[in-house]
Amino acid sequence: MIKIGVVGCCGKMGKRIIALAGQDMQLETFIGFERKGCPEINSMLEGIIVSDDLDKIKQVDVVIDFTPMTDKKDLLDFVVKHKKTMVIGTTGLSVDQVEIIEEAAKDIAIVYSPNMSVGVNVMFDLVKQAAAKLKDYKVKIIEAHHIHKKDAPSGTAKQFAAIIESQNNQQVEDIEAIREGEIVGDHEIIFESDVDTLSFSHKAKTRDIFAKGALEAAKWVVNKPVGLYNMQDVLKV
């Protein structure tokens, strides 16, 4: 059985990861981590202890983290120290922040993706194929998320733009970011010419879609060689 540690275990994503891991016979949520000063420290959550002691990472096989980047360097230092594997689903990272992850991936195996959804990662591949064939089409990206999301455009929208730009050498400048209500995550990619329109869309119904993807990534990465991977590697799409 694979032992996982969940960083940000008391947050919305952390709680769903723990709940879904409890339904998977291959996984055991061994410990949850929260920031120092969190009132839940040393309490029990779904049968696991909530801790602020990152040195306890030595007790797990894989660390799953969706928390903001603020303390990522300290977290990565402990994961590297204990030679564990990691799944990172944090979005909205800067180039410098991604470089911190890349540096850690020289010593441990990490799956990092701006979107852990299986459906979105299949769509990444479909959009790549379309962009390679529709080089003269205008492209518009529309993404919508809940009002609490701080980064705009989303990391997923930026990834779609990067994929398209890699295929047609044109910068995608038309990206619309909507922050409204409690939208989990909607993305639409529109290719338009004078004679037709082709669009791809994905709508996340619950956060479970990201939690499920992260758990699949955890099972996949646990025995992988050192390196930086993404959900495309996990799904082999």
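The values are calculated or read from the model by the stated rules, or taken from the named source; none is laboratory data. On a predicted model such as this, the values are computed, not experimentally measured, just so you know. In this analysis, Cβ positions are derived from the backbone assuming ideal geometry, glycine residues included, and neighbour counts consider all displayed protein chains.
The set of residues in the stretch 16-44 that are among the basic types (Lys, Arg) and under 25 Å from Lys83 (Cα atoms) comprises Arg35, Lys36. Thr85 meets the conditions (1) at pLDDT 95 or above; (2) surrounded by fewer than 21 Cβ atoms within 10 Å (Cβ to Cβ) in every case but one. The failed one is (2). Among the residues making up the stretch 1-24, those that are in contact with a strand residue (DSSP E or B) (Cβ under 6 Å, 6 or more places away or on another chain) and assigned to a helix (DSSP H, G or I) are Gly14, Ile17, Ile18, Ala21. Of all residues in the stretch 56-80, those satisfying the criterion of being over 17 Å from Ile17 (Cβ atoms) and out of contact with any Lys or Arg (no Cβ under 8 Å at 6 or more places or on another chain) are Lys56, Met69, Thr70, Lys72, Lys73, Asp74, Leu76, Asp77, Phe78, Val80. Annotation: Gly47 fulfils all but one of (1) of a type outside the set (Ser, Thr, Tyr); (2) outside the structural domain of Asn230 (by TED's automatic domain parsing); (3) exposed (fewer than 14 other Cβ atoms within 10 Å of the Cβ); the unmet one is (2).
Residues that are surrounded by fewer than 16 Cβ atoms within 10 Å (Cβ to Cβ): list the helices (runs of 4 or more DSSP H) wholly contained in the stretch 133-237 that include at least 2 such residues.
Passing ranges, in order: 155-168.
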